Amino acid sequence: MQPTHANAYHGYVTDTAKRVLLAAPRGYCAGVDRAVQAVEQALDLYGAPVYVRKQIVHNVHVVRTLEQRGAIFVDETDEVPEGATVVFSAHGVAPTVHQDALRLQLRTIDATCPLVTKVHNEARRFASDDFEILLIGHEGHEEVVGTAGEAPDNVQLVDGPDAADTIVVRDPERLVWLSQTTLSVDETLETVRRLKARFPNLQDPPSDDICYATQNRQVAVKEIAPQSELMIVVGSRNSSNSVRLVEVALEHGSRASYLIDYADEIDETWLDGVTTVGVTSGASVPEVLVRDVLAYLAERGYGAVEEVTSAQESLLFQLPRELRRDLKAAGRPETVAAGRSLPLASI
Ligand code: SF4
């Protein structure tokens, strides 16, 4: 798709030379929207507290906001009182976590993104066919821990291109690579290239594991980075896809790029000598935080905002099955997760 440009924001005194290029798509993806709505709906249906294992999505603001509504975030399932309700985060969990929850008689709502579940299914299938799985991803990331947990005896982690040069495999003829959903597309291609140089019969996944939202947000940054001296990425430091956007901006022409949770983290000196500021946000970021950044910039003369759209997104996921079942039993209309332009803005 050819990028389209639209002026989006007005109403401030604007320095005509200064402008903002606003990447689109940005912000919430379908999996994050569904996971956040799952916690909100669970709070409404069952009442507080609702426990959430790990951060439901990697965003400080989302977590704080849900905490104010009665969500309690825990690191492990055994911190949840017996019989309570626990939501598993969008990043997915290993089968052992489900077993722990069953043992503790917890009511579980699995908000794993369906696109992560797809990778889990691939891991199980290839392991049952006795393949060794080279899982490209970041060591310790929750999604990687969950995916590897589906086939711990068959998965070997490959954390970046350099790791591809040193790994040892048990049979180079029965090898497949899978990946975390939120990686840099370019870096992953480089990792695969180096793996295939060593293991020519390495099989590809049946379909892309890096998800549509990660890919689209990186393409959108590539569109605006060459014209943006400064790129501001709204997102949290533990958000893999947000961190990747900073890297992509720097690789594609931005002189500087910063990751911030809130507009008040912007250092005014970043704007020294800057005519064009690029703005985007990671897949776990509510749009209200981007609007705060645009307001901050507008107050400093960057009131002209041009939205550059490189893809349209329309994917929606239904709420987790167990939650839909309970909503139906409670006589509430079955709710389907729908994209929200201003998620959490009204809370
Ligand atoms: Fe799902 Fe991709 Fe969003 Fe992760 S970033 S929740 S994999 S759609």
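The values are calculated or read from the model by the stated rules, or taken from the named source; none is laboratory data. Every value quoted in this text rests on a predicted model; they were computed, and no experiment measured them. Here the Cβ is made from the backbone with ideal geometry for all residues, glycine too, and neighbour counts use every protein chain on show. Note: areas computed on protein heavy atoms with side chains; ligands, DNA, RNA excluded. Shrake-Rupley method; radii C 1.70, N 1.55, O 1.52, S 1.80 Å.
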Of the residues in the range 241-284, those that are aliphatic (A, V, I, L, M), outside any helix (DSSP H, G or I) and touching a Lys or Arg at 6+ places or on another chain (Cβ under 7 Å) number 2
Residue check, residue 76 among the charged types (D, E, K, R), away from the ligand (no atom under 16 Å from the Cβ), surrounded by fewer than 20 Cβ atoms within 10 Å (Cβ to Cβ) and more than 24 Å from residue 195 (Cβ to Cβ)
yes
Condition (residue is within 17 Å of the chain's Cα centre (by Cα) and in a strand (DSSP E or B)) applied to the range 141-158: is it met by at least one residue?
no
May I ask you to say which residue of 202, 183, 195, 178 is within 16 Å of the ligand (Cβ to nearest atom), open to solvent by less than 70 Å² (accessible area, probe 1.4 Å) and more than 15 Å from residue 243 (Cα to Cα)?
178
It is to be established whether one or more residues within the range 12-21 are open to solvent by less than 40 Å² (accessible area, probe 1.4 Å), in contact with a strand residue (DSSP E or B) (Cβ under 8 Å, 6 or more places away or on another chain) and closer than 30 Å to residue 303 by Cβ.
yes
Only unsatisfied item for residue 130, checking (1) in a helix (DSSP H, G or I); (2) over 14 Å from residue 96 (Cβ atoms), is (1)
When you scan the range 125-135, do you find a residue that is open to solvent by 30 Å² or more (accessible area, probe 1.4 Å) and either in contact with a strand residue (DSSP E or B) (Cβ under 7 Å, 6 or more places away or on another chain) or within 14 Å of the ligand (Cβ to nearest atom) (or both), even just one?
no
Given (1) surrounded by fewer than 20 Cβ atoms within 10 Å (Cβ to Cβ); (2) at pLDDT 95 or above, residue 336 misses just (2)
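Of all the residues that make up the range 79-121, how many are more than 30 Å from residue 134 (Cβ to Cβ), open to solvent by less than 40 Å² (accessible area, probe 1.4 Å) and in a loop (DSSP other than H, G, I, E, B)?
To start, the set of residues in the range 79-121 that are more than 30 Å from residue 134 (Cβ to Cβ) comprises 79-87, 102-109.
Narrowing further to those that are open to solvent by less than 40 Å² (accessible area, probe 1.4 Å): 80, 84-87, 104, 106, 109.
Checking the rest, the ones that are also in a loop (DSSP other than H, G, I, E, B) come to 80, 84, 104, 106.
Counting residues in the range 79-121 that are more than 30 Å from residue 134 (Cβ to Cβ), open to solvent by less than 40 Å² (accessible area, probe 1.4 Å) and in a loop (DSSP other than H, G, I, E, B) gives 4.
So, in the range 208-240, exactly how many residues are of a type in the set (S, T, N, Q), touching a residue at least 60 places away in the same chain (Cβ under 8 Å) and outside any loop (DSSP other than H, G, I, E, B)?
Step one: of the range 208-240, the residues of a type in the set (S, T, N, Q) are 214-216, 218, 227-228, 236, 238-240.
With touching a residue at least 60 places away in the same chain (Cβ under 8 Å) added as a condition, the list becomes 214, 216, 227-228, 236, 238-240.
Remaining after also requiring outside any loop (DSSP other than H, G, I, E, B): 214, 216, 227, 240.
Adding up the residues that qualify gives 4.
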Counting just the residues of the range 228-283 that are under 16 Å from residue 183 (Cα atoms) and acidic (Asp, Glu), which one comes out farthest from the chain's Cα centre (by Cα)?
251
